[in-house]
Amino acid sequence: MAGLSLSNLTLSHFRSHRRSVIDVNARPVAIHGDNGAGKTNILEAVSLLSPGRGLRRASAEDMTRRPEALGWKISALLHGPHGFNEIEITSEKGASRQVRIDGKPAPQTALGRIARVLWLIPSMDRLWIEGADGRRRFLDRMTLSFLPDHAEISLSYEKAMRERNRLLKDMVREPSWYAALEARLSETGVAIHHNRLHALQALSGAQAQSDTSFPTATLTLECDMPADVETMRAALADNRMRDMSAGRTLIGPHRADLIGTYAAKGIAARDCSTGEQKALLVSLILANARALAADFGAPPLLLLDEVAAHLDAGRRAALYDEIAALGAQAWMTGTEDSLFEAFGARAQILRVTEESGLSSVSGPT
């Protein structure tokens, strides 16, 4: 199955790249170079081809090249199951991101309808042992990959919750001030919960049907909230006094947590070794990609930052075999090209160097 792929990626004044032009084919892309050369910046640029703030969750201003701070531009040629698209993302000095698809202005959410992008980065290695907010973001990224409208629903929910929390902190007791906000919270909150359950079901099915060298993770969603809109609206109204005492909304999908279990051992992911936790994350990203291949009609772009360095030689070879079998264009980084030897001719190699403060890209081979 042919997946999504980029044939060109051009970066202008983006992070460490004053100007980098990367021409590739549909094979996986292995990027190597010294630390600080700008490898992860390339992956971040690709991550911006999907809705949201990218793999670093950075602001548009933070992504501009210093010291010029002129703004930045990313151009990409995307090939997918629904055709060919030219994507341009720009940020003028001090301005937010602007998206153009095939020369026409478009909202960020439109990117989710033509591309799917998944990533695994080192900061995610502590997913199972840190706070629930990181696990919710992880789940919502997976959910967004199946349901592009999930982003708009989530934004609507967050806006309504902020407004309701403001009323609670101001000790506003008049019910009429809450009615419309709680109606929107109920509708969007229940939709968010159902969307997340849909994503978990798709992942579970993909894991059950796959033959993988990585351990399977059983995922459950812990969320004490009503299952339907009317019940949630009534619960929000009933809880106003308790929420007012707390100064925030205490029920809803923003209180959910994602619980992972190493299925074969029956051990909670948080209690697994560091290596096992990494392997579970790799397994979930691969399962997400397989599920998308069936749902979207093509496997997604995969961004794997420094993933090879944390796997032994056998696991690296297994990962590369599964990426190749999936047909995904994976963009991977590592400090040495030897980390990608098991790929052989199935991948193309790029080298990133930093000379005189500028990142430059050579390849592919």
Among 338, 47, 186, whose mean-square fluctuation peaks in a Gaussian network model of the chain (Cα, cutoff 10 Å)? 338
With a Förster radius of 22 Å, plug the Cβ-Cβ distance of residue 229 and residue 201 into 1/(1 + (r/R0)^6) and report the FRET value to the nearest 0.05. 0.60
Relative to the present Cα-Cα distance, how much length would full extension add between residue 324 and residue 159 at 0.36 nm per residue of separation? 55.2 nm
I'd like to check one number: the per residue accessible area of region 186-306, probe 1.4 Å, reported in Å² as a whole number. 41 Å²
Per-residue HN-Hα couplings for region 11-16 [Karplus 6.51, -1.76, 1.60; θ = phi - 60°; Hz; x = Gly/Pro]: 10, 10, 6, 9, 6, 7
Could you tell me whether region 48-135 comes out rounded, prolate or oblate from its Cα gyration tensor? Rule is a ≥ b ≥ c as square roots of the eigenvalues, rounded for a/c under 1.5, then prolate if a/b exceeds b/c, otherwise oblate. oblate
For residue 246 and residue 82 in one chain, what is 0.36 nm times their gap in residues minus the Cα-Cα distance, to one decimal in nm? 54.2 nm
Tell me the relative contact order for region 1-75 as a rounded percent, counting alpha carbon contacts under 8 Å between residues six or more apart. 39 percent
Rounded to the nearest 500, what is the 222 nm mean residue ellipticity of the chain from helices alone, with -39500 (n - 2.57) per DSSP H run of 4+ residues and division by all residues? -12000 deg cm²/dmol
Accessible carbon and sulfur surface of region 136-234 relative to its total accessible area, %, 1.4 Å: 51 percent
If you find the alpha carbon centre of region 254-320 and of region 328-343, how far apart are they in angstrom? 17 Å
For the chain, list the DSSP H helices whose alpha carbon atoms reach 15 Å or more along the long axis and whose average Kyte-Doolittle value is -0.5 or above? 176-209, 274-295, 313-326
Net charge near residue 144, counting Lys/Arg +1 and Asp/Glu -1 over other residues with Cβ under 13 Å of its Cβ? +3
With a 10 Å cut-off between alpha carbons and a GNM built on the chain, which of 347, 115, 60 moves the most? 60
Over all directions, region 126-231 yields a Cα convex hull whose mean projected area in nm² is 8.4 nm²
What's the local net charge at residue 121, with K and R +1, D and E -1, over the other residues with C-beta under 10 Å away? -3
Check residue 303: other-chain or 5+ apart residues with amide H under 5 Å from its amide H, H built from backbone geometry? 118, 119, 120, 331
So, for region 1-108, what is the accessible surface per residue at a probe of 1.4 Å, expressed in square angstrom? 45 Å²
Over the chain, what is the percentage of antiparallel beta bridges among all DSSP beta bridges, to the nearest 5? 75 percent
What do you get for Rg/Rh over region 154-304 if you use C-alpha atoms and the Kirkwood form of Rh? 1.09
Using 0.36 nm per residue of separation minus the Cα-Cα distance, give me the extension gain between residue 125 and residue 317 in nm, one decimal. 67.1 nm
Cα→Cβ-extended label distance, 7 Å offset, between residue 238 and residue 337, nm: 6.6 nm
In terms of the alpha carbon gyration tensor, root eigenvalues a ≥ b ≥ c, rounded if a/c is under 1.5 and otherwise prolate when a/b exceeds b/c or oblate, region 1-104 is oblate
Accessible surface of region 1-95, 1.4 Å probe, proportion on carbon and sulfur as whole %: 46 percent
Suppose R0 equals 30 Å; then what is the FRET efficiency for residue 113 and residue 270 from their Cβ-Cβ distance, rounded to the nearest 0.05? 0.25
State, to one decimal in nm², a quarter of the convex hull surface area for the C-alpha atoms of the chain, i.e. the direction-averaged projected area. 19.2 nm²
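The values are calculated or read from the model by the stated rules, or taken from the named source; none is laboratory data. Model, not experiment: these values are computed from the prediction. So basically every Cβ, Gly included, is an ideal-geometry build from the backbone, and we count neighbours across all protein chains shown. Calculation scope for accessible area: heavy atoms of the full protein, side chains included, ligands and nucleic acids excluded. Shrake-Rupley method; radii C 1.70, N 1.55, O 1.52, S 1.80 Å.
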